[in-house]
Amino acid sequence: MSKNILNILVVSASSLPLARKIRDEYPGKTVIYCREADNDIEPVTSFKELTGNLFDKSETIVFIGAMGICVRSIAPYIKSKYTDPAVVCLDSTGKYVVSVLSGHIGGANELTHELARILDAEAVVTTQSDNQGLWALDTFAKQYGWEQDVYNPQEGIISFFQTDFEKIDEETFNASREKAMNECVARFVNCRPTALLLDIRTKETDYMKETCPPHVDVFYKYKDIDLEKYELLITVSPTYYHKSPIPCLSFFPKVLHLGIGCKKGLTDMKSVLTDLYICSIFYRFNLKSIANVSSIDLKKEEPILKELADTYLRSPFKTYPAEVLDKVPVPHPSSTVKKATGSGSVAENKRGRRKTSLMR
C-alpha cells in the first residue's frame, strides 16, 4: 500500500457524493471505503479495524461522519505527532472540514484547507500557531529541506553533536528530542522572549526576518545575544551552538561547499571520514549542511570521492577544470600541487557561500 494515498472513510452512504467529489478534484490518488460497497468503493465492516490497518501504512486518513467515530477509531493507534498520519474529519454534509491529528508535521492543517477549497466548506484548524499567525516551527525542516537539532540544557538534553551513542539507545534519544522540541514550540507559541540567530542569508531567512513576530529579536552574530534576556534560542546556521544555556532549536540549511582532493586510487574511506568528522568538530559545523562536494576534473572518476558524496554525504559531486581553479585566489597555493594538477590548489578554491577544505 502506497503511503501517499488519500484514504477516505465514509460512515454513511449518503456522504459518498462528497467523497467522490474529493476523489475527482484531489490531485493525488484516493481510495474510498464505506460499508455500502459499490464498483468504485472498497467495502469495510469495522472502521476501528480498518483504521488500525491504515494507520502505520498511510500518510493521510479522512473521515466523513461524526467526530466521535473518528476519535474512537484512531485513539488506540496514536503514538506521536512526529510519526502519526494526518487525520481530517468532515461532517456528513460537507459543511465543516476539521484538522484532527498531526496538523503541522503530518500536514493535516494543509489538507484541511485543500479539502475545504474543493468542497467550498469551512476549514477548522485549532493549532495555536496557525490561529496566532506564528511560524509552525515543527514544519520548517521538512518545508525547507533543512536538518534540525534541539537541545535543552535545563533538562539535561544535549545536542546530537555531543551525544555518545554507545551509552544511549535510539528510542531514548528520540524521546528526549521530542520532549525538547515540544518545549521549544510551547515557549514560542506562548510568546516567550526569543532570540533568532541568522548567521547566513537565504530566501528562507529573509522570509523569517520579514515575518518575525513581536516577541522575537533577530541577531546576526551569536556573541551579540544576551541570553539572560531570552527563554528560547532559534538558530539558522550550518554551525552548532550547543553551549546555549537556554533551550535551543537549531536549523541547518545546506549552504556549505566541500572542496576535496585525494591521492590517486585512495581506498581508505574510514580515514577520509575520520578527517572530515574531526574537521566538523573543530569548526562546529553540521556535515548535513554540505550542499555539494567539489574537486578538480582530474578526480572526476575517483571512486572514493564519488562514494563520499553519493553514499555518505548524499550530495552532488562536481568537478572543475584546472585552469578555472587556478584563477581563483587562495591563501595557501602549492607549487607541488600545481605541478601535479595544473592548479595551485584543489580543495581551497571550490568557491561557495562557505567552504571546508580537506586535503588528502
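The values are calculated or read from the model by the stated rules, or taken from the named source; none is laboratory data. Nothing here was measured: the structure is a model prediction, and the numbers come from that model. We place every Cβ from the backbone using ideal geometry, glycine too, and count neighbours over all the protein chains shown.
Could you please find all residues in region 30-66 being among the acidic types (D, E) and within 18 Å of A108 (Cα to Cα)? Write out each step before concluding.
Applying the first criterion (among the acidic types (D, E)) to region 30-66 yields 36, 38, 40, 42, 49, 56, 59.
D56, E59 - these are the residues of region 30-66 that are among the acidic types (D, E) and within 18 Å of A108 (Cα to Cα).
Only one of the numbered conditions (1) assigned to a strand (DSSP E or B); (2) surrounded by fewer than 20 Cβ atoms within 10 Å (Cβ to Cβ); (3) touching a Phe, Trp or Tyr at 6+ places or on another chain (Cβ under 9 Å) is not met by D310, and that is (1).
Considering the conditions (1) within 30 Å of E178 (Cα to Cα); (2) assigned to a loop (DSSP other than H, G, I, E, B); (3) more than 23 Å from the chain's Cα centre (by Cα); (4) not aromatic (F, W, Y), S244 is excluded by exactly one of them, (3). A residue that is more than 25 Å from the chain's Cα centre (by Cα) and either at pLDDT 90 or above or not in a helix (DSSP H, G or I) (or both) can be found somewhere in region 282-297.
Residues that are in contact with a Lys or Arg (Cβ under 9 Å, 6 or more places away or on another chain), exposed (fewer than 12 other Cβ atoms within 10 Å of the Cβ), among the hydroxyl-bearing types (S, T, Y) and free of Cβ contacts under 8 Å to residues at least 12 places away in the same chain: does region 2-12 have at least one? No, region 2-12 contains no residue that is in contact with a Lys or Arg (Cβ under 9 Å, 6 or more places away or on another chain), exposed (fewer than 12 other Cβ atoms within 10 Å of the Cβ), among the hydroxyl-bearing types (S, T, Y) and free of Cβ contacts under 8 Å to residues at least 12 places away in the same chain.
Being of a type outside the set (A, V, I, L, M), modelled with pLDDT under 95 and under 24 Å from V150 (Cα atoms) is a property that Y320 lacks.
If you go through region 89-108 one residue at a time, do you hit one that is out of contact with any helix residue (DSSP H, G or I) (no Cβ under 9 Å at 6 or more places or on another chain), farther than 16 Å from N7 by Cα and not aromatic (F, W, Y)? No, the conditions are met nowhere in region 89-108. When I8, I22 are screened for being of a type in the set (A, V, I, L, M, F, W, C), closer than 16 Å to V100 by Cα and not in a loop (DSSP other than H, G, I, E, B), only I8 passes. Residue-level check: of (1) surrounded by 13 or more Cβ atoms within 10 Å (Cβ to Cβ); (2) more than 27 Å from T202 (Cβ to Cβ); (3) free of Cβ contacts under 8 Å to residues at least 60 places away in the same chain, S295 misses just (2). Listed by first and then second residue, the pairs with beta-carbon distance under 9 Å, at least 6 apart or on different chains, first residue in region 42-63 and without any contact (Cβ under 8 Å) to a residue 12 or more places away in the chain and exposed (fewer than 14 other Cβ atoms within 10 Å of the Cβ), second of a type in the set (D, E) and not in a helix (DSSP H, G or I), are P43/E36.
Scanning region 109-132 for residues that are within 19 Å of the chain's Cα centre (by Cα) and more than 26 Å from C212 (Cβ to Cβ) yields one hit, L111. Note on region 205-241: among residues that are hydrophobic (A, V, I, L, M, F, W, C), within 24 Å of R284 (Cα to Cα) and out of contact with any Pro (no Cβ under 9 Å at 6 or more places or on another chain), the one that is surrounded by the most Cβ atoms within 10 Å (Cβ to Cβ) is I234.
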